[in-house]
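Peer 1: Questions regarding the structure given below will be posed in turn.
The values are calculated or read from the model by the stated rules, or taken from the named source; none is laboratory data. Here the structure is a predicted model, which means the values were calculated and not measured. Please note: Cβ atoms are built from the backbone with ideal geometry, for glycine as well, and neighbour counts cover all protein chains shown. Surface accessibility is based on the protein's heavy atoms, side chains included, excluding ligands, DNA and RNA. Shrake-Rupley method; radii C 1.70, N 1.55, O 1.52, S 1.80 Å.
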Amino acid sequence: MSAYHPLNADEAIQLAKSIPGRFPEHAELECREIGDGNLNLVFHVTAKNTADSIIIKQAVPYAKVVGESWPLSLDRARIERLALETEYSLCPDLVPKVYGYSDELAYTVMEDLSEYTIMRKGLIEGIAYPKFAEHIGRFLARTLFYTSDLGMNQQKKKELAGRFVNPDLCKITEDLIFEDPYRESANNNYERSIADEAEALRADLPLHFEVALLRHKFLTHAQALLHGDLHTGSIFVTPESTKVIDPEFAYFGPMGFDIGAVIGNLLLNYAAQPGWSGDEQTLAAREARLLEMASGVWTHFENNFRSLWNDDLLDEMSSTPGYQDHYVSQVLKDAAGFAGCKMIRRIVGLSHVADIDTIADDKARETAQRKALAIGKNLVRHHRSIKSFEDILTLIKQASKGNEVSI
């Protein structure tokens with residue numbers, strides 16, 4: 001296997017056999033393609049009568065969700081593998097281990113997480129994940145701090161950033177999140193029942209102004225190494241453990257983008273809850289749990305991040321009194337704005353979320369869509385005024401009641 005070509009199941013088995021120490025010498029291996037939905041081939045290789053297994057993920061030169069008309073660079077496989085290795089070095093309990101790779105064939109061999117649940121699926125089913133906020137807050141703090149100018153030699157950071165230049169996948173983000181929802185675009189996708197919402201988005205120039213500010217930051221603010229697509233479909237969980245996967249959108253950008261992606265996806269599930277909870281008591285408990293989880297993500301991030309700053313800061317000027325508070329405050333504002341952008345695009349843009357799209361009742365689904373848009377718009381409009389997570393909760397609750405208010 002030298003020149004690039006998409007792997008088949010037999011080739012995946014031969015590749016698995018070549019990974020040292022992963023399978024017994026004479027094990028009989030089986031392989032099935034499980035896919036990841038949008039961009040890649042994914043093979044699950046197992047050994048009969050044992051618990052031994054691995055995942056082989058291979059990039060294809062186009063976006064599977066659209067087809068060959070949307071070409072993509074195979075270099076994203078190298079970027080994803082390097083991001084996984086970097087994140088694993090900082091949070092080995094929260095990231096799958098890489099066992100092997102080929103940049104030429106654009107594949108990565110990694111730890112199998114079949115015993116975990118995709119977080120989005122678990123949240124739809126109403127499962128509680130009491131350790132998640134603590135885990136993801138620590139992941140965000142460590143991966144962002146130690147790849148920033150605060151916790152990394154600035155010259156080495158610039159060298160590392162050069163290895164994460166990711167134009168193809170950044171372009172997807174730039175278009176789908178920061179442009180398409182606010183204009184007529186063939187990429188947009190929404191139900192006729194909310195066509196009025198889509199039209200209002202296209203006409204809302206004050207909202208466009210706030211989105212333009214956030215888009216500019218995404219384009220220019222190389223603050224730290226981002227996962228780049230940290231939604232609940234890119235996180236595997238159990239009630240006791242968390243694993244972050246799929247960082248192929250990784251690049252150096254604003255810290256708040258990753259934090260906002262997590263929070264925005266929790267809020268999408270929050271908006272969907274009336275379509276999933278059968279009674280008022282269950283609904284109230286799930287909604288409260290999701291808001292507590294979103295708040296906990298920020299709290300654990302902030303506490304860990306400030307602790308790392310106090311203990312491991314390398315940049316002497318950043319020790320100036322008051323600068324840490326200013327820095328963290330700006331990250332919170334950014335996170336709120338980016339969370340809102342992520343929510344808006346998941347309702348009217350190309351790729352939606354199952355939390356809302358699979359609600360069977362048409363009226364309940366439409367209500368969830370409108371609620372998600374209201375929350376998202378409120379966060380975007382007012383992100384620059386936010387001073388605490390309590391302000392975010394106020395914006396969420398007011399939007400949920402049909403009121404878009406300032407703070």
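Peer 1: Over region 282-407, calculate the relative contact order: mean separation of alpha carbon pairs under 8 Å at least 6 apart, over the residue count, as a percent.
Peer 2: Numbers: 99 pairs, mean separation 31.0, N = 126.
After rounding, I find 25 percent.
Peer 1: So how far, in whole Å, is the C-alpha centre of region 83-153 from the one of region 272-302?
Peer 2: What the calculation gives is 23 Å, centre to centre.
Peer 1: Hey, another quick one. What percent does the relative contact order of the chain come to when contacts are Cα pairs within less than 8 Å and at least six residues apart?
Peer 2: Numbers: 718 pairs, mean separation 66.0, N = 407.
16 percent.
Peer 1: When ligands, DNA and RNA are left out and all protein chains stay put, how many square angstrom of accessible area per residue does the chain have with a 1.4 Å probe? Intermediate values should be presented prior to the final figure.
Peer 2: Values: 17130 Å² over 407 residues.
So the chain comes to 42 Å² accessible per residue, rounded to a whole number.
Peer 1: Next question, about the same structure. As a test of reading the structure, rank 89, 73 by solvent-accessible area (1.4 Å probe, protein chains only), most first. Mind dumping the intermediate values first?
Peer 2: On the way: 89 85, 73 50 Å².
Descending accessible area places them as 89, 73.
Peer 1: Report the full-extension gain for the segment residue 114 to residue 384: residue separation times 0.36 nm, less the Cα-Cα distance, to one decimal in nm.
Peer 2: Numbers: separation 270, 0.36 × 270 = 97.20 nm, distance 4.08 nm.
Length gained, residue 114 through residue 384: 93.1 nm.
Peer 1: Considering only protein heavy atoms, what is the solvent-accessible area of residue 298 at a probe of 1.4 Å, reported in Å² to the nearest 10?
Peer 2: In the full protein context, residue 298 sits at about 10 Å².
Peer 1: Still on this model: Classify region 1-111 from the C-alpha gyration tensor, please: rounded if a/c falls under 1.5, else prolate or oblate depending on whether a/b exceeds b/c.
Peer 2: Details: a/c = 1.87, a/b = 1.28, b/c = 1.46.
The shape class here is oblate.
Peer 1: Given the Cα-Cα distance of residue 220 and residue 363 and 0.36 nm per residue of separation, how much length would full extension add, in nm? Numbers along the way, then the final one.
Peer 2: Working: separation 143, 0.36 × 143 = 51.48 nm, distance 4.07 nm.
Between residue 220 and residue 363, full extension yields 47.4 nm more.
Peer 1: Given a 1.4 Å probe and the protein chains all in place, what does the accessible area of residue 156 round to, in Å² to the nearest 10?
Peer 2: 130 Å²
Peer 1: With contacts defined as alpha carbon pairs under 8 Å and 6 or more residues apart, what's the relative contact order of region 191-274 in percent?
Peer 2: On the way: 77 pairs, mean separation 24.6, N = 84.
Reported as a whole number, the value is 29 percent.
Peer 1: Using a 1.4 angstrom probe on the protein heavy atoms only, could you order 236, 305 from most to least accessible area?
Peer 2: Ranking 236, 305 by accessible area, largest first, yields 236, 305.
Peer 1: Roughly how tilted is helix 323-348, in degrees to the nearest 10 and between 0 and 90, from the longest Cα axis of the chain?
Peer 2: Approximately 80 degrees, to the nearest 10.
Peer 1: How much length is gained if the chain between residue 199 and residue 183 is pulled fully straight, taking 0.36 nm per residue apart and subtracting their Cα-Cα distance, in nm to one decimal?
Peer 2: On the way: separation 16, 0.36 × 16 = 5.76 nm, distance 0.86 nm.
Extra length from residue 199 to residue 183 when fully extended: 4.9 nm.
Peer 1: Now for a separate question. Are any of the pairs 171/371; 377/401; 131/217; 97/131 more than 24 Å apart by Cα-Cα distance, and if so, which?
Peer 2: Numbers: 171/371 28 Å; 377/401 14 Å; 131/217 31 Å; 97/131 21 Å.
Over 24 Å Cα-Cα: 171/371; 131/217.
Peer 1: Run the 1.4 Å probe and let me know the accessible area of residue 80, rounded to the nearest 10 Å².
Peer 2: My reading of the accessible area for residue 80 is about 10 Å².
Peer 1: Which FRET efficiency value, to the nearest 0.05, do you get for residue 279 and residue 127 by plugging their Cβ-Cβ distance into 1/(1 + (r/R0)^6) with R0 = 25 Å?
Peer 2: It comes out at approximately 0.90.
Peer 1: On the accessible surface of region 177-269, probed at 1.4 Å, how many percent belong to carbon and sulfur atoms? Display every interim value, and only then the final one.
Peer 2: Values: 1710 of 3140 Å².
That fraction is 55 percent.
Peer 1: Kirkwood Rh and Cα-based Rg: tell me the resulting Rg over Rh for the chain, rounded to two decimals. Numbers along the way, then the final one.
Peer 2: Values: Rg = 21.2 Å, Rh = 21.9 Å.
Rg divided by Rh gives 0.96.
Peer 1: On to the next question. Could you state the angle between the C-alpha long axis of helix 167-178 and the longest principal axis of the C-alpha atoms of the chain, as a value from 0 to 90 degrees rounded to the nearest 10?
Peer 2: 30 degrees
Peer 1: Place a point 7 Å from the Cα of residue 323 along the Cα-to-Cβ direction; which residues of region 112-151 have their backbone N under 18 Å from it?
Peer 2: Residues passing the 18 Å test: 145-151.
Peer 1: If the viscosity is 0.890 mPa s and the temperature 25 °C, what Stokes-Einstein diffusion coefficient in µm²/s follows for region 342-407 when Rh is the Kirkwood radius over Cα pairs? Please report the intermediate quantities before stating the final value.
Peer 2: On the way: Rh = 12.4 Å.
After rounding, the answer is 198 µm²/s.
Peer 1: For region 60-164, what Kirkwood radius comes out of the mean inverse Cα-Cα distance, in Å?
Peer 2: With all distinct Cα pairs of region 60-164 included, I get 16.2 Å.
Peer 1: Can you give the convex hull volume of the alpha carbon atoms of region 207-295 per residue, in Å³?
Peer 2: Here the figure is 124 Å³ per residue.
Peer 1: Taking the 0 to 90 degree range and rounding to the nearest ten, how far is the long axis of helix 280-312 tilted relative to the main principal axis of the chain, both from C-alpha atoms?
Peer 2: 70 degrees
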